[in-house]
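Undergrad: Structure in structure tokens, see below.
The values are calculated or read from the model by the stated rules, or taken from the named source; none is laboratory data. These figures come from a predicted structure and were not determined experimentally. Every residue, glycine as well, gets a Cβ built from its backbone with ideal geometry; the counts of neighbours run over all protein chains shown.
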Amino acid sequence: MPLPNRQNSDGRNPRHVGMIMDGNGRWAERRLLPRAAGHRAGVKVLEPVLEAAGEAGVESLTLYAFSTENWTRPQGEVDTLMRLFLETATERVPELGERGVRIRFVGRRGLLPDDVLGSMQRAEELTSGGDRLDVYIALNYGGRSEIVDATRRMISDGLDPDDVTEEAFGRYLYAPEVPELDLLIRTSGEMRISNFMLWQIAYAELYITETLWPDFSKEEFNRAVESFATRSRRRGGV
């Protein structure tokens, strides 16, 4: 069944939601399971979250799947995550494309395995016609790396220093078409940004929940959106 058509005209709901999906390992450890079980349980949360985002009129959803720092985790866990990316791309992406989801990946692609890169390209091509929800998957992503890469591209293009504005800089980000972040949801109760979308987060509202990611639900996503709607967003004004 397709996701609802985008309807976000009143401005009360966020256009762009970012999600730091934290707590898979702790979820597994509390159940005396291997960490891989937590990552697999976390994948199952994605479908109801996408449904909730579409119903709330969200236009863009960015999921923090694997950071530039995650390579320091044990090799077995990294290998498990890479297999999960491949499995998810193979099993879930065709259905997402049918439901109107457009998938894009953001981050540094150089260190990713060839089979993962191939599945990423196929996912982007298969869902390129999606017009109901844009899902950006941050894979080998770091906010500082994005800023550095954008700066390098500006220098490579020979921009004059007088032409370097916030608007010009934004055009060199990984996904310049995506609106700035309105709402950031972080699970597991950690009170930090973790190098996520440092440029785009400037005026984002934060929603921190103690819920571990595998226990996150459509209902809690809706509570986050409802919380956003009650906030006064003055952006430095009065």
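Undergrad: Which of the residues spanning region 43-70 are within 12 Å of the chain's Cα centre (by Cα) and not hydrophobic (A, V, I, L, M, F, W, C)?
TA: SER60, THR62, TYR64, SER67
Undergrad: What number of residues within region 179-202 are farther than 27 Å from GLY25 by Cα and charged (D, E, K, R)?
TA: Looking only at that region, the number is 2.
Undergrad: Only residues that are part of a loop (DSSP other than H, G, I, E, B), at pLDDT 95 or above and loosely packed, with under 13 Cβ neighbours inside 10 Å: list them for region 204-238, please.
TA: GLU210
Undergrad: Which one is nearest to PRO14 (Cα to Cα) among residues in region 137-192 that are assigned to a loop (DSSP other than H, G, I, E, B) and charged (D, E, K, R)?
TA: ASP182
Undergrad: How do the helices (runs of 4 or more DSSP H) wholly within region 62-133 filter down when requiring 2 or more residues that are among the β-branched types (Val, Ile, Thr) and either more than 23 Å from GLU29 (Cβ to Cβ) or modelled with pLDDT under 95 (or both): which remain?
TA: Of the helices (runs of 4 or more DSSP H) lying wholly inside region 62-133, those with at least 2 residues that are among the β-branched types (Val, Ile, Thr) and either more than 23 Å from GLU29 (Cβ to Cβ) or modelled with pLDDT under 95 (or both) span 75-91.
Undergrad: Does any residue in region 203-220 that is under 19 Å from ARG31 (Cβ atoms) come within less than 7 Å, Cβ to Cβ, of a residue that is among the acidic types (Asp, Glu) and assigned to a loop (DSSP other than H, G, I, E, B) six or more places away or on a different chain, and which pairs are these?
TA: TRP213/ASP22
Undergrad: Looking only at region 161-197, how many residues end up being surrounded by fewer than 15 Cβ atoms within 10 Å (Cβ to Cβ) and hydrophobic (A, V, I, L, M, F, W, C)?
TA: Final tally of qualifying residues: 3.
Undergrad: Residues to consider are LEU126, LEU181, LEU133, LEU159; find the one that is touching a His at 6+ places or on another chain (Cβ under 6 Å) and either over 18 Å from LEU84 (Cβ atoms) or among the aromatic types (Phe, Trp, Tyr) (or both).
TA: None of the other options fit; the residue is LEU181.
Undergrad: Let me ask something additional. Among the numbered criteria (1) more than 25 Å from PRO179 (Cα to Cα); (2) of a type in the set (D, E, K, R); (3) within 17 Å of the chain's Cα centre (by Cα), which one does GLU29 miss?
TA: (3)
Undergrad: In region 180-202, how many residues are among the hydrophobic types (A, V, I, L, M, F, W, C) and without any contact (Cβ under 8 Å) to a residue 40 or more places away in the chain?
TA: Looking only at that region, the number is 2.
Undergrad: Which pairs do you get when a residue that is at positive phi, found in region 72-87, comes within reach of a residue that is charged (D, E, K, R) and at pLDDT 95 or above, reach meaning Cβ atoms under 6 angstrom, with the pair 6+ apart or on two chains?
TA: Pairs found: none.
Undergrad: Return the only residue of GLU29, GLU47 being part of a helix (DSSP H, G or I), of a type in the set (D, E, K, R) and at pLDDT 95 or above.
TA: GLU29 is the lone residue from the list that is part of a helix (DSSP H, G or I), of a type in the set (D, E, K, R) and at pLDDT 95 or above.
Undergrad: For region 15-39, give me each residue that is closer than 25 Å to VAL106 by Cβ, out of contact with any Asp or Glu (no Cβ under 9 Å at 6 or more places or on another chain) and surrounded by fewer than 23 Cβ atoms within 10 Å (Cβ to Cβ).
TA: Matches in region 15-39: MET21 only.
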